[in-house]
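Peer 1: Here it is, the structure, as structure tokens.
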Amino acid sequence: MKQVRVGIVGFGTVGRATADIIVKHSDLIERRSGVKLVVTAVCRRQAIDPADVPAGARVTTGWKELLTAADVDVIVETMGGIEHSLQLLRGALEHGKPVVTANKKLLAEHGDELFALAVARNLPIGFEASVAGGIPILRVIQESTAGDRLRALHGILNGTSNYILTQMENRGIDFDEALSEAQKAGYAEADPTFDIDGQDARDKLCILARMAFGGRLAVERIPTHGIRDVRAVDIRSAQRLKRTIRLVASAEQTDNGLDVSVRPWLVDRRSMLAKVEDVNNAVFLIGDRLGTQMFYGRGAGGDATGAAVVSDLVEIARDLAAGRLSGKNVVGFLESRELEIAPEPKPAGWYLRLTVNDERGIIARVAEILSREGMNIDSVQQEPHSPKTRLSLFFTVEPVSEPKVRSAIEKINAFEFMVEPVLLLRIE
């Protein structure tokens, strides 16, 4: 049997899970792949519990020495962040070592440079774990759909936000309580901004869209709205509409360019999106020939992400043992053309939640603004038993372009009876 030695940089949840899978599934990996993976080094700045260190592996606090270490054939990056992770991947490739990373933010922002360097050095970068945890969606886009033209993709890409929304829905709790529980369960960080404000889903969508549609896309060009302002009253209102709320990342080719965004959607309660609960992710691909395909699985947690890291390690280890390492032309990262963004997204239905200090004539004044902006009201609701000083009103409007509805919201927010800004959700 061939033996491939692995150095893991960043020994937090994903790094430990990766090492644990390699150790506990060593014989299985060997039988299936013909290659034995061995963790020979782990790197972390903080102290590591000796019980977590794989037998025979050494511990270091400085990743730079792994670049030239004779006992490390492949480097795994699971430390996150940008600056040091970028230096690590650059250094590993420049020293002739293939790498595996779960760092979606790094690839979304610096993928062009890293994949170009990998091709120049004829080395692979394994990055399946960077999007959707254990779902092998990147391989599907890169390989399985290569003979088809993809028209759209959308899905739930952040397990933390999905956990929060489904806890709010299933147990009737408010956002702050659901977030606190997500933090206690280890799904959300102490600073949850990256998850709840949609940035994590945005970075993953950026990678998916580039690969699916074959062009450059800067993350800052993706309109991004998180779930921070979703309240229990919105969940109850959605249920009265026979809908539920999900944070959806979406990219669709239209005649005017790519319609792309991350935002909360009101989805039909019977839809497949509504059935994706807790930390699970789901990605839908829509192609000319393949039609609609759904890929579903755990999108958060060390085990799911670690399993994806190990799958990349096995592929690289096979090629390394056979002496056939090569760089991959990752579609969407080495092309020079920019994806054209649609100047005006396609019309959609919208949900507006107003929090007001109750007085006569509010509904009439809001309806007049909506009418003036060319919108037809589909429904109006009021949250029962709300305090008069903080009354919740809900409007849904028939499909209209987003600029029109945002123009109306700007005018509504200027009314003296508004207690806080309008919450806007897309209806799909």
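Peer 1: State the number of residues belonging to segment 140-154 that are open to solvent by 60 Å² or more (accessible area, probe 1.4 Å) and at pLDDT 90 or above.
Peer 2: Total meeting the criteria: 2.
Peer 1: Right, here's the next one. Have a look at 166, 160 and point out the one that is open to solvent by less than 20 Å² (accessible area, probe 1.4 Å), assigned to a helix (DSSP H, G or I) and in contact with a helix residue (DSSP H, G or I) (Cβ under 7 Å, 6 or more places away or on another chain).
Peer 2: 160
Peer 1: Next up: Considering only segment 209-223, I want to know if a residue exists there that is over 26 Å from residue 269 (Cβ atoms), open to solvent by 40 Å² or more (accessible area, probe 1.4 Å) and among the aromatic types (Phe, Trp, Tyr).
Peer 2: no
Peer 1: Sticking with this one: Going through segment 374-401 one residue at a time, which ones are open to solvent by 40 Å² or more (accessible area, probe 1.4 Å), under 23 Å from residue 346 (Cα atoms) and modelled with pLDDT under 95?
Peer 2: 374
Peer 1: Given the criterion of a type in the set (A, V, I, L, M), without any contact (Cβ under 8 Å) to a residue 40 or more places away in the chain and under 18 Å from residue 310 (Cβ atoms), identify the matching residue among 28, 37, 67.
Peer 2: Exactly one residue qualifies, and that residue is 28.
Peer 1: In segment 100-124, which residues are under 20 Å from residue 336 (Cα atoms), among the hydrophobic types (A, V, I, L, M, F, W, C), open to solvent by less than 30 Å² (accessible area, probe 1.4 Å) and out of contact with any Asp or Glu (no Cβ under 6 Å at 6 or more places or on another chain)?
Peer 2: 106, 107, 114, 115, 118
Peer 1: If you go through segment 352-363 one residue at a time, do you hit one that is in a strand (DSSP E or B) and either under 30 Å from residue 207 (Cα atoms) or at pLDDT below 95 (or both)?
Peer 2: No, that holds for no residue.
Peer 1: Residue 133 is checked against (1) part of a loop (DSSP other than H, G, I, E, B); (2) closer than 30 Å to residue 289 by Cα; (3) in contact with an Asp or Glu (Cβ under 8 Å, 6 or more places away or on another chain) and fails just one. What number does that condition carry?
Peer 2: Status for residue 133: all satisfied but (3).
Peer 1: Does residue 80 qualify as being surrounded by 14 or more Cβ atoms within 10 Å (Cβ to Cβ) and either touching a residue at least 24 places away in the same chain (Cβ under 8 Å) or more than 15 Å from residue 310 (Cβ to Cβ) (or both)?
Peer 2: In short, yes.
Peer 1: Could you please find all residues in segment 298-326 being within 15 Å of the chain's Cα centre (by Cα) and surrounded by fewer than 20 Cβ atoms within 10 Å (Cβ to Cβ)?
Peer 2: 298, 301
Peer 1: Let me ask something else about it. Which residues, taken from segment 29-83, are of a type in the set (S, T, N, Q), closer than 25 Å to residue 130 by Cα and part of a loop (DSSP other than H, G, I, E, B)?
Peer 2: Answer for segment 29-83, where residues must be of a type in the set (S, T, N, Q), closer than 25 Å to residue 130 by Cα and part of a loop (DSSP other than H, G, I, E, B): 46, 61, 78.
Peer 1: Moving on. With respect to residue 90, is the statement that it is modelled with pLDDT under 95, more than 18 Å from residue 203 (Cβ to Cβ) and part of a helix (DSSP H, G or I) true?
Peer 2: The answer is no for residue 90.
Peer 1: What do you reckon, is residue 353 in contact with a Phe, Trp or Tyr (Cβ under 9 Å, 6 or more places away or on another chain), in contact (Cβ under 8 Å) with a residue 40 or more places away in the chain and open to solvent by 70 Å² or more (accessible area, probe 1.4 Å)?
Peer 2: Against the criterion (in contact with a Phe, Trp or Tyr (Cβ under 9 Å, 6 or more places away or on another chain), in contact (Cβ under 8 Å) with a residue 40 or more places away in the chain and open to solvent by 70 Å² or more (accessible area, probe 1.4 Å)), residue 353 does not qualify.
Peer 1: Output the residues belonging to segment 45-55 that are surrounded by 10 or more Cβ atoms within 10 Å (Cβ to Cβ) and either more than 14 Å from residue 79 (Cβ to Cβ) or of a type in the set (Ser, Thr, Tyr) (or both).
Peer 2: 52, 53, 54
Peer 1: So residue 196 ticks every box in (1) surrounded by 20 or more Cβ atoms within 10 Å (Cβ to Cβ); (2) more than 14 Å from the chain's Cα centre (by Cα) but one. Which box is left unticked?
Peer 2: (2)
Peer 1: Restricted to segment 57-70, and to residues that are touching a Gly at 6+ places or on another chain (Cβ under 8 Å) and more than 16 Å from residue 15 (Cβ to Cβ), which residue is most open to solvent (accessible area, probe 1.4 Å)?
Peer 2: Checked segment 57-70; the qualifying residue most open to solvent (accessible area, probe 1.4 Å) is 64.
Peer 1: So, one more: Which one of the conditions (1) surrounded by fewer than 23 Cβ atoms within 10 Å (Cβ to Cβ); (2) of a type outside the set (D, E, K, R); (3) farther than 25 Å from residue 343 by Cβ; (4) touching a Gly at 6+ places or on another chain (Cβ under 8 Å) does residue 283 fail to meet, given that it meets all the rest?
Peer 2: (1)
Peer 1: For segment 364-387, what are the residues that are of a type in the set (S, T, N, Q) and part of a loop (DSSP other than H, G, I, E, B)?
Peer 2: 376, 386
The values are calculated or read from the model by the stated rules, or taken from the named source; none is laboratory data. Not measured: the values here are computed from a predicted model. Glycine also receives a Cβ, built like all others from the backbone with ideal geometry; neighbour counts cover every protein chain displayed. We work out accessible area using only protein heavy atoms, side chains counted, and drop any ligands, DNA or RNA first. Shrake-Rupley method; radii C 1.70, N 1.55, O 1.52, S 1.80 Å.
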